Amino acid sequence: MNLHLDDKELASCVSCGLCLPHCPTFRVTGEELLSPRGRIAAMRAVQWEGAEVTPAFVDAMETCVQCRGCEPACPSGVPYGRLQEGVRDTLAAERRITPRWQRMAFAMLPRHRLLLVGSTALAVAQRARLVPKRLGLPRLPLRRPKAVRATGTEAWLFTGCVMDAWQRHTHRATATVLDHLEVRYAVPGSGGGCCGALHTHAGLLPSARQLAERVMASMPGDAPVLVNSAGCGAAMKEYGHLLGTAEARAFSDRVVDIHEFVAERVHLLRPARHMGAVLVQDPCHLRHVQKVHGAVRTVLTAVAQVLELDDDGLCCGAGGAYSALQPDLAGDIRTRKLAAIDRAGGGLVASANPGCAMHLAAAGATVQHPIDIVAAAL
Ligand code: SF4
Ligand code: SF4
């Protein structure tokens, strides 16, 4: 099978193995095939040598968390994320991954009203103990606060799909912080409800491209697009690559993680109280993809004592829908993160990605979004 990968990108790996300690699936299994180097070797065997796409090959690709922890560790600059997305695009088109039930679930994400109703039904089912614990879902809210409303046009506040359904309180907190900074914001118009990150992860690139076009159309103009979900922000900063147009590149340039935005204005924050010690957990898409994890520290330092984990930003195993689709590996990876949290003394953990926060909270950690903590201090 031709995987349709860029041969130059595929050839750029020199098999040095420096990425291996940064790969969560290699760390918990010790298997070469479940490391970046092993996965790239398997991609080469299929694309260059005509090796068969076996169940073991498919499993090696599906078990990759797509955390991209291997990218900053790589001295050859291998664009691993692009290779993995390319493989998944081909495997999904050939119906080797992402079965029908998953496609139906992903298709629900941009239908926001349906998603809100479905989330409430899921919360009720949880209370009735009808949702298997294996799925690793935290306790979902039966009620959610009112949606944020536009206050002006200086910036767009992207609210997304799952985050608005499950963690709308963080949007309210973001609005509180923006109000405090006297920044007037708009909310996306129709079609701006899902960035397509989970579709890209699942190899559904045609759907991801459609959603990207809709998101771009929902937030026209030049104002910055503020995003408080690390995974969504990373996906939107890569629209330029996903769509390959000048318009998409210009849109991506407008996308700003909320911590970057607040960090530039941190001197304007007037906290009413100090929030005590907070451990910072870096979501992979903030640290390895957007590379703006320093801004979280700048913002939190204004209201709290920031404590660090000692695991060099290793993935927590959430990976978008990964924790639900690969619960065993996701659980093993999370165990390492929880051990790092324990070594640092436990307590409140700040995580700037809803998936990481829910994954860690489902195992008993106390997790809040950094902006929730800042808003509470104001
Ligand atoms: S993206 Fe993450 S899980 Fe996948 S190979 Fe790279 S480090 Fe490993
Ligand atoms: S991906 Fe990079 S770090 Fe990993 S083996 Fe290949 S060249 Fe080395």
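The values are calculated or read from the model by the stated rules, or taken from the named source; none is laboratory data. Note that the structure is a prediction, hence the values are computed from the model and not measured. Cβ atoms come from the backbone with ideal geometry, glycine included; neighbour counts cover every protein chain shown.
What the table shows:
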| read-out | value |
| --- | --- |
| Residue selected from the stretch 6-29 under the condition more than 10 Å from ligand 2 (Cβ to nearest atom) and hydroxyl-bearing (Ser, Thr, Tyr), by the criterion surrounded by the fewest Cβ atoms within 10 Å (Cβ to Cβ) | Thr29 |
| Residue match in the stretch 189-198 (condition: among the hydroxyl-bearing types (Ser, Thr, Tyr) and at pLDDT 95 or above) | no |
| Residue within the stretch 335-342 that is outside any helix (DSSP H, G or I) and touching a strand residue (DSSP E or B) at 6+ places or on another chain (Cβ under 9 Å) present | no |
| Scan of the stretch 1-55 for residues that are within 15 Å of ligand 1 (Cβ to nearest atom), more than 26 Å from the chain's Cα centre (by Cα) and charged (D, E, K, R), ordered by number | Arg44 |
| Long-range neighbours under 9 Å by Cβ, at least six apart or interchain, first residue modelled with pLDDT under 95 and surrounded by 14 or more Cβ atoms within 10 Å (Cβ to Cβ) within the stretch 252-276, second in a helix (DSSP H, G or I) and hydrophobic (A, V, I, L, M, F, W, C) | none |
| Subset of the stretch 69-89 [near ligand 1 (Cβ under 9 Å from one of its atoms) and polar (S, T, N, Q)] | Gln84 |
| Filter result (touching a residue at least 24 places away in the same chain (Cβ under 8 Å) and surrounded by fewer than 13 Cβ atoms within 10 Å (Cβ to Cβ)) within the stretch 119-141 | Arg134 |
| Every residue from the stretch 59-92 that is over 18 Å from the mean Cα position of the chain (by Cα) and exposed (fewer than 15 other Cβ atoms within 10 Å of the Cβ) | Asp59, Pro75, Ser76, Gly77 |
| Residue match in the stretch 46-62 (condition: among the polar types (S, T, N, Q) and under 25 Å from Asp312 (Cα atoms)) | no |
